[in-house]
Amino acid sequence: MPKNPFRIVAQVPGFADHLKRKPRLVSSVLKQRALKRWRARRGLQTLAGFEYAVTYACQATCEHCSASSLHDPDKERDRLRPSDLRRLARQAYALGAYEVNLTGGEPTLLKNLEDLVASLSPERTFVGVNTNGMLLDQTRVQSLWESGVDLLKLSLDSDDPDEHDSNRGLPGCYEHVLEVLNMVRDMNGIRGHVCSVGTSEAIRSGAAKRLVDLAESKDATIGFTLPAAVGRWGGRYELMLPPEDLEELRQICRHPRAFFQGSVGLQAFQCPAGRDEVYISPYGDVLPCPFVQRSFGSIRDESLGRIYARMGVATELAGNESLCLAGESIRWMKEHVPSSAQRLEGMPTCATEHGDTFCRDEVKPDACGAALGQA
């Protein structure tokens with residue numbers, strides 16, 4: 001969400017609906033800006049938002065999945081409880097946060113996702129949900145809206161349906177994402193957003209530009225992440241963008257509907273990891289972002305404020321000019337982020353979060369396991 005929401009409203013007027021729906025959100029933003037000035041005079045950073053991975057379970061098998069190297073089978077039974085999350089939210093809000101992004105895995109696998117949203121003080125918070133969209137229908141979208149969700153961040157890997165569905169391992173996923181985008185286009189107070197990875201192939205083929213046009217046609221925004229050598233792409237530094245492709249992506253993101261993911265509303269392109277945002281795993285580990293896979297501590301052991309201060313020193317040493325530490329700085333990643341194995345063994349499946357009856361189509365645990373390479 002907008003690190004400067006008033007700027008994004010000028011670019012995409014539809015975002016004004018959120019401020020009308022949640023007048024306390026305006027107050028949260030103004031308080032954050034005042035707090036930021038106060039903390040800056042003391043040499044301190046100020047949080048704008050945090051990302052929380054509610055689960056690493058997923059029914060998709062994306063080639064670029066970063067969560068595959070964050071999942072820890074030994075910690076699956078010790079995930080954060082609702083009381084932990086409420087405490088985390090209070091600490092984040094005290095540091096200035098007014099935005100929460102729920103991610104995974106696939107968050108909509110959780111039957112109680114709406115209860116989780118309700119525990120985050122959504123009346124004063126901008127709430128986004130990352131999703132592949134496959135479990136969303138009119139009823140679920142309405143339920144998420146009523147719980148306080150403002151933005152559905154739907155993944156699209158390509159403007160070609162077959163390519164997208166093949167990468168996801170979910171036949172019909174592309175068309176369903178478009179259905180959901182059409183659905184939210186006609187609703188007030190909740191918006192659609194497309195998430196995509198800005199690979200060299202997408203940039204050079206024109207697919208990235210076509211995705212921007214598609215998002216605009218659905219009255220949605222679009223955010224691009226940079227390819228990062230983590231997760232299933234672990235160690236594949238050749239996928240990181242060369243300077244000419246990075247510059248072309250910068251130009252694409254000059255479009256009023258297009259953004260570098262995480263830089264929405266900022267006056268300049270700058271990596272927000274560990275500065276404006278932090279990432280919390282289902283187990284309580286605090287990372288700068290899901291791609292900079294280095295834990296700076298756990299909220300089970302100490303306050304978020306102490307961890308955030310320590311993280312700020314490390315990211316500051318990495319430099320202020322980086323657009324994306326994980327996607328640009330090979331040297332920094334090699335030095336500071338351990339090389340990750342894919343660790344698909346024991347990877348949670350959608351059946352971990354719910355029974356066979358909750359998916360749009362019946363999902364068997366053994367089928368999920370086979371899709372994740374366990375068979």
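Highest mean first, the peptides 103-113, 132-142, 295-305 sorted by other C-beta atoms within 10 Å per residue fall in the order 103-113, 132-142, 295-305. Apolar share of the accessible surface for segment 126-279: 47 percent from carbon plus sulfur atoms, 1.4 Å probe.
One decimal place: the segment D162-E302 gains 45.8 nm when fully extended, by the rule 0.36 nm per residue minus the C-alpha distance. Highest mean packing comes first when the peptides 31-39, 159-167 are listed by Cβ atoms within 10 Å, giving 159-167, 31-39.
Ranking W233, W145 by solvent-accessible area of protein heavy atoms (1.4 Å probe, all protein chains present), from largest to smallest, gives W145, W233. Considering the dipole of segment 36-187 built from charges on the beta carbon (Lys and Arg +1, Asp and Glu -1) around the Cα centre, which of V177, G43, V149 is farthest to its positive end? Most positive-ward Cα: G43. Taking the DSSP beta bridges with both ends in segment 176-307, the antiparallel portion is around 25 percent. So what is log10(I(q)/I(0)) for segment 109-223 at q = 0.10, 0.16 1/Å, when the Debye sum runs over its Cα atoms only? Relative scattering, expressed as log10 I(q)/I(0), comes to -0.30, -0.73.
The values are calculated or read from the model by the stated rules, or taken from the named source; none is laboratory data. Bear in mind the structure is a predicted one, so any value in this text is a computation, not a measurement. Heads up, the Cβs are rebuilt from the backbone with ideal geometry, glycines too, and the neighbour counts pull from every protein chain shown. With ligands, DNA and RNA removed, areas are computed over all heavy atoms of the protein, side chains included. Shrake-Rupley method; radii C 1.70, N 1.55, O 1.52, S 1.80 Å.
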